[in-house]
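So the structure is just underneath, and the comments pick up after that.
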Amino acid sequence: MAYATLVTGTAERVATVTINRPEKLNAINARVKEEMRDCFQALKSDPAVDVVVLTGAGEKAFVAGTDIAELRALDAASGKQFAAGGQALFDQIERLGKPVIAAVNGYALGGGLELALACHIRLASERARFGQPEVNLGIIPGYGGTQRLARAVGVGRAMEMILTGVQIDAQEALRAGLVSRVYPAGELLDRATQMALLIASMGQVAIRMALKAVAVTQETPLGEGLKLEASLFGLCCGTKDFAEGTRAFMEKRKPRFTGS
Ligand code: COA
């Protein structure tokens, strides 16, 4: 489908979604949100897609936040709705049921960092910068940042970033566990795509179960999480992919997974 603010493409079971407002550093406005909702709904049910790579157009920004020009019109009631709407969109991405890799190619500020946090894996270019600068505008993060950043880097670090609004660079984000890899800017998208292809080459039932099992750690006590892990492990053991994966190992060849 053609979008005004997104560029999308699919090759070898990997979809790439690029937020495309480089003249505004890919700031998220109402149109971007509407198109992202449509796009991720389509990706969820697209049988040709197993993994998604999400990035920003241009060399400067992943996403420099929600569009401040649109924020200005909010009041107490519409602000609450605005935050709930953004949260729902980012929940939709987190619960896609397929891995989403954020390739953070520049500024990931405010809603941009919150968007990256809703993705399952975060990779950064050496140029990436991360921050929750909302306090500079007299607001707090409203698209999940107060919750997901604290879960990603710990309460103390998240509190510092959210209370000061100060940005951190890619190496600091790596040390904080906010991203799992940092690459030279020119390599980032290729590396993210390679990782996506590697994930797409696995048995997709196992990938979906793994996604579910790891995701619940954010909201489930250990005992319940372990029970869920055992159930999902059992489900995997009933699949053709499991029979094929173990047979291929014994026969010293690459498995031919079918996703069933
Ligand atoms: N919302 C709306 N427009 C934005 C934006 C945002 N979050 N971030 C950047 N832009 C726009 C700028 O207004 C500018 O538009 P213009 O050329 O029409 O004036 C354009 O994108 C380029 O940004 P500019 O500020 O000129 O680039 P810079 O390199 O000097 O600074 C930043 C880059 C990221 C430091 C700066 O743009 C910034 O602080 N952005 C806001 C970040 C923020 O507070 N995000 C959280 C919002 S809740």
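Where a number appears in this text, it was derived from the coordinates with a stated rule and is not lab data. The structure presented is a predicted model; accordingly, all values stated were derived computationally and were not measured. With ideal geometry, Cβ positions are generated from the backbone for all residues, glycine too; neighbour counts draw on all protein chains shown.
Three principal axis extents describe the C-alpha atoms of the range 1-139; from largest down they are 44, 33, 25 Å.
Loop-resident trypsin sites (Lys or Arg not before Pro) (DSSP state other than H, G, I, E or B) in the range 20-101 with no more than 10 further Cβ atoms inside 10 Å of their Cβ: Arg72. Highest GNM mean-square fluctuation among Leu174, Leu222, Leu117, for the chain modelled with Cα contacts below 10 Å: Leu222. Overall shape of the range 106-260 was characterised from the C-alpha gyration tensor. The equivalent ellipsoid obtained from it has semi-axes of 35, 20, 11 Å, in decreasing order.
For the chain, relative contact order (Cα pairs under 8 Å, six or more residues apart, normalised by length) works out to 15 percent. Cross-link partners of Lys33 among lysines, defined as those whose alpha carbon lies under 17 angstrom from its own and excluding same-chain residues fewer than eight positions apart: Lys24, Lys44, Lys80. In degrees from 0 to 90, rounded to the nearest 10, what is the angle of the helix 240-250 Cα long axis to the longest principal axis of the chain? The angle comes out at about 70 degrees. Among the trypsin sites (Lys or Arg not before Pro) in the range 192-260, those located in a DSSP loop and surrounded by at most 16 other Cβ atoms within 10 Å of their own Cβ are Lys252, Arg253, Arg256.
About its Cα centre, the range 180-250 has a charge dipole of approximately 120 debye under the convention of +1 per Lys or Arg Cβ and -1 per Asp or Glu Cβ, with nothing else charged.
Within the chain, the ratio Rg/Rh, alpha carbon atoms throughout and Rh by Kirkwood, equals 0.99. Amide H contacts for Tyr107 (H built 1.01 Å from N in the peptide plane; partners 5 or more residues away or on another chain; cut-off under 5 Å): Ala61, Phe62, Arg129.
Using a Gaussian network model of the chain in which every pair of alpha carbons under 10 angstrom is joined by a spring, one finds that among Val179, Val100, Val155 the greatest mean-square fluctuation is at Val155.
Only loop residues by DSSP count here, and only those with at most 14 other Cβ atoms within 10 Å; note down the GluC sites (Glu not before Pro) in the range 162-260 that meet that. If you can, show how the numbers build up before the last one.
Values: sites: Glu172, Glu187, Glu219, Glu224, Glu229, Glu244, Glu251; in loops: Glu219, Glu251.
Taking the range 162-260 and a limit of 14 other Cβ atoms within 10 Å, the loop GluC sites (Glu not before Pro) found are Glu219, Glu251.
Basic side chains Lys and Arg get +1 at the Cβ, acidic Asp and Glu get -1 at the Cβ, and with that the dipole of the chain about its Cα centre reaches some 600 debye. Remark on the range 198-245: hydrodynamic radius 11.3 angstrom, per the Kirkwood mean of 1/r across alpha carbon pairs. Along each principal axis, taking the top coordinate minus the bottom one, the Cα set of the range 61-136 gives 36, 30, 16 Å in descending order.
Using only alpha carbons, the range 169-216 has a radius of gyration to Kirkwood radius ratio (Rg to Rh) of 1.07.
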